[in-house]
Every structure is written in structure tokens, then in C-alpha cells.
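Asker: Here it is: the structure, laid out below.
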Amino acid sequence: MLTPGKSYDEICQNFRWQVPERYNMAVDVCDRHVDGRETTALIYVDEQGRESRYSFRDMRKYSSQLAHTLETHGVERGDRVGILLLQSPEVEEFPMTATGKIRRKVLREQSHQPTQSPRAQSE
């Protein structure tokens, strides 16, 4: 993936992602790290300073539950899923991983920034 270069700019210019034709990032970055330990995947601190920790097992569990719910409601490959809620791991991370598991695209609208347009998230 990284080739030697004489400068940072040259390395960046020559960098290429080598992603297999059929690749599920949600499973690779989350599920494969579930190994019986409660390894922390995400630390979230809300506006009041309260901290929540989520393990890779939590991420797999919650995103799989949401993926199943979306499929139960007829969401199919290629469908777009809109998420319009306050920012939190339940809104930011779990839906991204869940929709990745069922290979859907997600549109996220930041509720606290109404002037922004939705950003399409890749499969």
C-alpha cells in the first residue's frame, strides 16, 4: 500500500488503496476484533462530560440488531437510509456499522447543523 518516497507529498501521491472487489468494512473494522475480551472500540464523552465506553462486542451487538431491524423493514442493497437524530454513538457509529453489514448507503444529517447537506457514506 505504501511505497517508499523522497517526500510526504510523493508518498501521498503514489498511495493506492488495495481493496478487494467484495469487501465489507463494517465486519472488518468491528466484528473481527471480538475475541472474548472486552476490548474498547469507542469512548464517547457527551456535552456534560459523561463518558460511555463501548467494546467491539457492543459494537457488533448493536449494529447487528439495527441491521436486522432494517432488513426486517425491507431495506435492501443499494437503498439509502436517513439518520436524523442527536449525535451519540447510538446514532453515529452503530448505524454506520449496521448499514455496512447489510451493504446499504447511509445519509447522515447533522441535526445541530441544519445548513449542512446530508453526506453520503460509502458501503
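No lab work stands behind these numbers, since they all come straight from the coordinates. Given the structure is predicted, the values throughout are model-derived calculations rather than measurements. Positions of Cβ are generated from backbone atoms using ideal geometry, with glycine treated the same way; all protein chains shown enter the neighbour counts.
Asker: Kindly establish whether Thr72 is more than 19 Å from the chain's Cα centre (by Cα) and within 20 Å of Thr97 (Cα to Cα).
Answerer: Against the criterion (more than 19 Å from the chain's Cα centre (by Cα) and within 20 Å of Thr97 (Cα to Cα)), Thr72 qualifies.
Asker: What pairs can you find where one residue is in segment 58-71 and free of Cβ contacts under 8 Å to residues at least 60 places away in the same chain, the other is among the charged types (D, E, K, R), and their Cβ atoms are less than 6 Å apart, with a gap of 6+ or different chains?
Answerer: Final answer for the pair search is Arg60/Asp31; Ala67/Lys101.
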